[in-house]
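The structure appears below as structure tokens.
The values are calculated or read from the model by the stated rules, or taken from the named source; none is laboratory data. Given the structure is predicted, the values throughout are model-derived calculations rather than measurements. Virtual Cβ from ideal backbone geometry, glycine too; neighbours counted across all protein chains shown. Each accessible area value is taken on the protein alone, full model and side chains, heavy atoms only, with ligands, DNA and RNA left out. Shrake-Rupley method; radii C 1.70, N 1.55, O 1.52, S 1.80 Å.
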Amino acid sequence: MMPRSCKDANDNGQGRPASSSPAKMDAVADDQDLTKELMKLLHEKLREARQELRTLQSQRMHDSEMVLVDSTELQHENEQLREELSSLQLRLSAAADNEDVKNCLLMGYVNEGSEALQVEKQLQALQEQENVEDARVQGLGSQLTRRKEKYRRLKAETACLQESLSLTQEAIALEDKEIANCKALALDAKSSLREMKHRELERLNTATFLSSAGVRSFDGPAAASLEPCLRSVPFSRLPSNILKEFGPLALLVLSSEEAVWSQDGISRALYVARPFTYNPVAQESGGQWNSNRVASGLQDDIGGSQELIFRRNGDWYYYGTYRCLASSSIAASDVEQALASVVRKIVGGTVLQKDHLAPLAVKFLESMYVNGPLSLHGFALERTGFHHELYEALLSSRKKIQQINSSPTLTKGVVGKGTKKKRNHAQSEVPIPAAPPLKKRKGSQ
């Protein structure tokens, strides 16, 4: 490369090649001042050219160093790019084994837009679902709040009810105590009344009781106007149609051997009963005392009413409703004339199936009511009403009553109808039984 100063010198006319004209060259050579000036000018130009050359050389060296540095950096960057390219080639070769990944890589740019839309739609759907869930949670929260309020209210009501229940139970307990006290007072009053009636009847003359008139306000049919409901056979049962129509009936079935009537008819009666009877063939022929259930029932129900069925001349009649006023013991050894015949019959029926005992044993047992520890009971009965519907039903059902009471299976075992073989009294070795255990009766002397 030619220095710029030399180039400029060549451009000015003086640095260009001299004219081939010999005349011009000879003219310069002949002028010494011009030659000196020209030499001086050339020397300065040369010095400037050298200085410029040094500057250019130094600049070239600097540019060479810069180019060398730049080439080193470029080589380093090229090495890094080569390494990255190798790494990417390895990744692509590894991912190419999977067809799905390869397709994704190939179609990634194509489906990028549609996938973005789908993701956006999914995000919108999730947002909407989240809003719905938030609304549902808010609804559940409000519902939970209402349930809590309802629970608090019900809990308060339950506490009130429990308190009321405890108060009610306390009140019931107090009422039960009062009822128990009232029952005890009622039992005491009933017992006292019974004792008073017993004492009154004991003080009352039997003849006076039977001779006095009954309830004046009641005017029932007379005994002569009544028709029988059963003939000739013992009375033991009622047909089912009567029991269904009238329900359980308190019946008192008596015979003429057990009752003494008042002088004015059937307004009053004295029922004489023995508390115990002896059956020698019971308990495997060891004998047994049996209590009188009818007498026991009347004794426990002083003041109660019964429908009286009475046997007269072998036939059974409905006499009406009778109330038991009181009961009293009767000494068989000392009775009035009106009761003597009835007492003898009652005492004579102490032993059932007498043919199974020796006569001496029979007399001994009967004497227990006369001179022994046993005593008869007397029940004062007074007529208080007449059940006309029951009377008509008994008359209309006479055939059924006759039929069910005439059955052999029902009459078998009746008092005095024993079927066992009679024993020889001379060979009998039955021991004389002891008296039955007696309960101390209130009001008895």
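Observations on the model:
- Test: residue in region 293-303 that is without any contact (Cβ under 8 Å) to a residue 12 or more places away in the chain, aliphatic (A, V, I, L, M) and not in a loop (DSSP other than H, G, I, E, B): no
- Single match in Ser217, Ser211 (criterion: at pLDDT 60 or above, under 19 Å from Arg383 (Cβ atoms) and either exposed (fewer than 10 other Cβ atoms within 10 Å of the Cβ) or small (Gly, Ala, Ser) (or both)): Ser211
- Per-region count, region 75-98, residues open to solvent by 100 Å² or more (accessible area, probe 1.4 Å) and modelled with pLDDT of 75 or more: 7
- Those residues of region 315-335 which are open to solvent by 20 Å² or more (accessible area, probe 1.4 Å), of a type in the set (Gly, Ala, Ser) and assigned to a strand (DSSP E or B), in sequence order: Ser329
- In region 239-265, of all residues being of a type outside the set (Ser, Thr, Tyr) and in a helix (DSSP H, G or I), the one that is surrounded by the fewest Cβ atoms within 10 Å (Cβ to Cβ) corresponds to Lys244.
- Residue-level analysis places Ser236 outside the set of residues that are farther than 19 Å from Gly385 by Cα and either assigned to a strand (DSSP E or B) or without any contact (Cβ under 8 Å) to a residue 60 or more places away in the chain (or both).
- Looking at Leu252, Leu243, Leu226, just one residue is farther than 18 Å from Leu339 by Cβ, modelled with pLDDT of 90 or more and under 58 Å from the mean Cα position of the chain (by Cα), and that residue is Leu252.
- Entirely in region 336-404, the helices (runs of 4 or more DSSP H) that have 1 or more residues that are surrounded by fewer than 20 Cβ atoms within 10 Å (Cβ to Cβ), at pLDDT 85 or above and among the hydroxyl-bearing types (Ser, Thr, Tyr): 359-370, 388-396
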